[in-house]
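The values are calculated or read from the model by the stated rules, or taken from the named source; none is laboratory data. All values derive from a computational prediction rather than experimental measurement. All Cβ positions, even for glycine, are placed from backbone atoms using ideal geometry, and neighbour counts span all protein chains on display.
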Amino acid sequence: MGFFEFRDTIQENDTVIIYISNDDLFPITVKKGEVKQTKFGAIKHNEIIGKKFGSRYDCARGYVFLLFPNPEIWTLALPHRTQILYTPDISRIVFELGLSNGKVVCESGTGSGSLSHALTRGIYPAGHLHTVEFHEERSKKARQEFEDHGLSKNITVYHRDVCAEGWPAEVDHKADAVFLDIPAPYKAIEHVKRALKLEGGEFCNFSPCIEQVQETCVKLREKGFTNIKTIECINSQTTVKTSHFPMPDFGVDYKDLEAAGVMPTNCEKIGTYVKRLEKGAKPKTRNLKEEDEKAENAVEKEELKLSECNFVVKSALAKRSQYGHTGYLTFARLPPRDESL
Amino acid sequence: MNLIKDGDRAIIGHDGIYKIMVVKKGKHASFAKHKFAWDACIGRSWGHTWQIQQGKLEKLDSNEACGESVVSKVLDNIQSGADNRNAADLSEKGQNLERECIMEMREEKKGEELIEKIARGNADFESKTRFTQEKFVRHKQKKHGGRIEILKPSMNLIVHQKLAVERTKGAYFDVHEFATMIAMANIHANSKVLLADHSSCFLSGAILSKLKGGSGELVSVFQGQLGDSPPHVPLQNYEFPDEVWDQLLYYPAKSLGKATISGDFELPELKDEDEDLPPQAKKQKTDTEDNKREEDKSRISRRERQEKRLKKYSRAVELMKEKLECLIIAPKHHPLPWLFMLLPFLKPSCPFVVYCDKKEPLMEIFNKLHERKSAVMLSINSVFERTVQVLPMRTHPEVHMPGNRGYVLYGISVL
């Protein structure tokens, strides 16, 4: 399948993302006769062939959605072989590297291929990504994954040590942009310079620790890079939840509270409370002589207690635990090397 | 190799402050009150750093181009104190040189010399610590140094420059939100994109530069009526070739309401220009032969223009009927009506992003989509971003960071 060639219907051998919730999604490769077990029950591959991407699949105990993969979904669904980069950092990296169709990018390390998909999208269909990974098994798995996603035309995976050897000689002075996410980026700056075009190019480094950044910036200045800038970005992702606030009981009725100016506005439940009062329901509060009133109106009016009313508020809530730090992004530009021009 | 030519558009500036200008032989331009002639840079390669020196551009070697080289040069002959025990208070007048005097010196002296003069003019400069001195020199270098880079415009540079200008006028999106939208919408050169953009072409420019060289198409639903075309003046900075302009299609919002209700998309009619011309012009038309020839010329170009527009309209309608692969919305209105108007034109399992500088409209959209079960992967994203100063022994986040940033709602349409 082509990762960047959108298709409406699911076919055999396609990579399909099974969506259960925002935190629970995973990829499957569709094969006739296979069955995938989920917490909602089995997904029969035969049944999803011919279905439309984006459609609902009913399992025994719930339903899932069948989605077409894209780099953002892939980042959330991919099998983790390493720590990975997430969309907030990725989108900034791709933007600052100035990627566009036809450009050549170098990356190291490949890791789980989270960023690689987004980089490839930036240069697709005419460009190329040269990605170096020093862990042999990971480089093989990544190569296989890119092939399954129909991207082998645009990505070459090399198994080598970027600090020691850099990118292969045939890539020398071909790259428009280089990205590093390795433990010792400062050891590879010389190779970065060799890979970048003679007319200059963009560089980005991702490091979790400030010491790595410190040393990298020193090295970048030494090698003639300019516009060195380090940023840190933390994404706060929220979803909208409905919260309920119970009303405190002050022993008086809604109208008295409103007159005293102590009622919140724009709340759903209090609205229904008022409506029912208007329809003839009888408020139940402590300061009234409940017993007597009850005897009088017991038949006609239903009783309403303000303290039983919840105030309903829609609010945007962040996750209970979210990323407080991912890494520092250092951007730099290499000016053209030919001084005579 | 790509060299600077007369008439090219260039991005000039330094340290994140940039301007877009046209390179003109024999002409002068100015940057941060430094006037200079273009001539020296024509025929040289893009990306070098230049020193403005008495109205002329002088190319700096790559080892000089780094700002830190000035710091060490200026401070080479200046002593420094062990600590700040004798330093003057911030509120006291520190500079012995008058402003006029500095402005005059800017005309004559070379960058480093000027900075050294200013440094020596600073009260008790020599008693300050090296760190304080370095900070001072860096600051003055930015202000008076007269260094510029001349860069070839690219999408990210143009967006950086334009957003910096727009933000001073009243906030629109920040670079990070912009980058997030472009990425999350899954745009590549072959994408079919549906867009509602009221941000003076930031998004349409960026999207078109992503579509360049591919088979992608951009349908822009613009504020206007049948027969109009969206504004495109800010797109000139991109200097797109004709093929890219052909990838830009559009359809007016005013005809969209009817189209979604009845399913019929209106298209503008081709008019013979006689009908629109005021009667006076009609009279004049018959006056002379010369005039007639000119009229014919304008009639053809007008007819052509109309036909071209009709072609763009009808291709846009075709694509909207087929449905598109990503949807981006950044309106100046409440985004909810825009989203629910355009969502039916998005294929299932395709991403959409909505930008708003307030959170509440996006929360309403979130709830509505959630209730209708018409999208998954819903989230509202905002970012905390800060720049970090990285210097030996002096690394810390910068004192100021942008506040009041916008929000991006992301989702994937489902059946």
Would you mind stating whether residue A:216 is within 9 Å of chain B (Cβ to nearest Cβ), buried (at least 20 other Cβ atoms within 10 Å of the Cβ) and under 28 Å from residue B:148 (Cβ atoms)? yes
Within the stretch B:204-217, identify whether any single residue is closer than 24 Å to residue B:335 by Cβ, more than 7 Å from every other protein chain (Cβ to nearest Cβ) and in contact (Cβ under 8 Å) with a residue 60 or more places away in the chain, and answer yes or no. yes
So, in the stretch A:53-80, exactly how many residues are crowded, with 18+ Cβ neighbours inside 10 Å and not hydrophobic (A, V, I, L, M, F, W, C)? 7
Count of the stretch A:224-263 residues which are surrounded by fewer than 19 Cβ atoms within 10 Å (Cβ to Cβ), more than 9 Å from chain B (Cβ to nearest Cβ), touching a residue at least 40 places away in the same chain (Cβ under 8 Å) and not in a strand (DSSP E or B): 5
Looking at (1) more than 14 Å from every other protein chain (Cβ to nearest Cβ); (2) closer than 30 Å to residue B:153 by Cβ; (3) not polar (S, T, N, Q), find the lone condition where residue A:79 falls short. (2)
One residue is enough: does the stretch B:321-338 have a residue meeting the conditions surrounded by fewer than 21 Cβ atoms within 10 Å (Cβ to Cβ), at the interface with another protein chain (Cβ under 8 Å from one of its Cβ atoms) and farther than 30 Å from residue B:245 by Cβ? no
Does residue B:134 count as surrounded by fewer than 23 Cβ atoms within 10 Å (Cβ to Cβ), touching a residue at least 40 places away in the same chain (Cβ under 8 Å) and facing another protein chain (nearest Cβ under 9 Å)? no
Test result for residue B:158, part of a helix (DSSP H, G or I), farther than 30 Å from residue A:93 by Cα and β-branched (Val, Ile, Thr): no
Just to verify a result, which residue in the stretch B:351-366, among those that are more than 7 Å from chain A (Cβ to nearest Cβ), in contact with a strand residue (DSSP E or B) (Cβ under 8 Å, 6 or more places away or on another chain) and not acidic (Asp, Glu), is farthest from residue B:318 (Cα to Cα)? B:358
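Please find, among B:173, B:136, the residue that is closer than 24 Å to residue B:71 by Cα and aromatic (Phe, Trp, Tyr).
Details: B:173 fails: closer than 24 Å to residue B:71 by Cα.
Matching residue, one of B:173, B:136: B:136.
Scan A:175, A:169, A:188, A:195 and give me the residue that is away from chain B (no Cβ under 13 Å) and either farther than 26 Å from residue A:82 by Cα or without any contact (Cβ under 8 Å) to a residue 60 or more places away in the chain (or both). Talk me through it step by step, then tell me what you get.
On the way: A:175 fails: either farther than 26 Å from residue A:82 by Cα or without any contact (Cβ under 8 Å) to a residue 60 or more places away in the chain (or both); A:188 fails: either farther than 26 Å from residue A:82 by Cα or without any contact (Cβ under 8 Å) to a residue 60 or more places away in the chain (or both); A:195 fails: either farther than 26 Å from residue A:82 by Cα or without any contact (Cβ under 8 Å) to a residue 60 or more places away in the chain (or both).
After applying the criteria, what remains is A:169.
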Taking interchain pairs and intrachain pairs at least six residues apart, which have beta carbon atoms under 6 angstrom, with the first residue in the stretch B:97-113 and within 14 Å of residue B:147 (Cα to Cα) and touching a residue at least 24 places away in the same chain (Cβ under 8 Å) and the second among the basic types (Lys, Arg) and in a helix (DSSP H, G or I)? B:112/B:73
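What residue, among those in the stretch B:161-181 that are buried (at least 24 other Cβ atoms within 10 Å of the Cβ) and closer than 13 Å to residue B:330 by Cβ, is nearest to the other protein chains (Cβ to nearest Cβ)? Don't jump to the end; show me each part of the working.
Taking the stretch B:161-181 and keeping what is buried (at least 24 other Cβ atoms within 10 Å of the Cβ), we get B:173, B:176-181.
Next cut, closer than 13 Å to residue B:330 by Cβ only: B:173, B:177-178, B:180-181.
Working: B:173: 12, B:177: 10, B:178: 7, B:180: 5, B:181: 8 Å.
The extreme case among them is B:180.
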Hey, among the residues in the stretch A:314-336 that are within 11 Å of another protein chain (Cβ to nearest Cβ) and over 25 Å from residue A:206 (Cβ atoms), which one's farthest from the chain's Cα centre (by Cα)? A:336
Suppose we keep only residues that are outside any loop (DSSP other than H, G, I, E, B) and of a type outside the set (D, E, K, R) within the stretch B:137-155. Which one would you say is farthest from the other protein chains (Cβ to nearest Cβ)? B:144
Can you tell me how many residues in the stretch B:324-338 are in a loop (DSSP other than H, G, I, E, B) and out of contact with any Pro (no Cβ under 8 Å at 6 or more places or on another chain)? 4
Answer with yes or no whether residue A:162 is crowded, with 22+ Cβ neighbours inside 10 Å, touching a residue at least 12 places away in the same chain (Cβ under 8 Å) and aliphatic (A, V, I, L, M). yes
Of the listed residues (A:341, A:329), the one being surrounded by 12 or more Cβ atoms within 10 Å (Cβ to Cβ), modelled with pLDDT of 75 or more and in the same structural domain as residue A:99 (by TED's automatic domain parsing) is A:329
Can you find even one residue in the stretch B:299-307 that is in contact with a Leu (Cβ under 7 Å, 6 or more places away or on another chain), of a type outside the set (Gly, Ala, Ser), at the interface with another protein chain (Cβ under 10 Å from one of its Cβ atoms) and in a helix (DSSP H, G or I)? no
Every residue in the stretch A:4-57 that is in a strand (DSSP E or B), in contact (Cβ under 8 Å) with a residue 60 or more places away in the chain and within 14 Å of chain B (Cβ to nearest Cβ), please. A:15, A:17
Leading residue by the ranking (surrounded by the fewest Cβ atoms within 10 Å (Cβ to Cβ)) among those in the stretch A:177-201 that are farther than 26 Å from residue B:394 by Cβ and in contact with an Asp or Glu (Cβ under 7 Å, 6 or more places away or on another chain): A:198
Residue ID - farthest from residue A:237 (Cα to Cα), chosen from residues in the stretch A:302-323 that are in a helix (DSSP H, G or I) and not hydroxyl-bearing (Ser, Thr, Tyr): A:306
Which of (1) part of a helix (DSSP H, G or I); (2) of a type in the set (Asp, Glu); (3) surrounded by fewer than 18 Cβ atoms within 10 Å (Cβ to Cβ) does residue A:145 not meet, given it meets every other one? (3)
Can you name every residue in the stretch A:82-114 that is in a loop (DSSP other than H, G, I, E, B), more than 12 Å from chain B (Cβ to nearest Cβ) and among the polar types (S, T, N, Q)? A:82, A:83, A:110, A:112
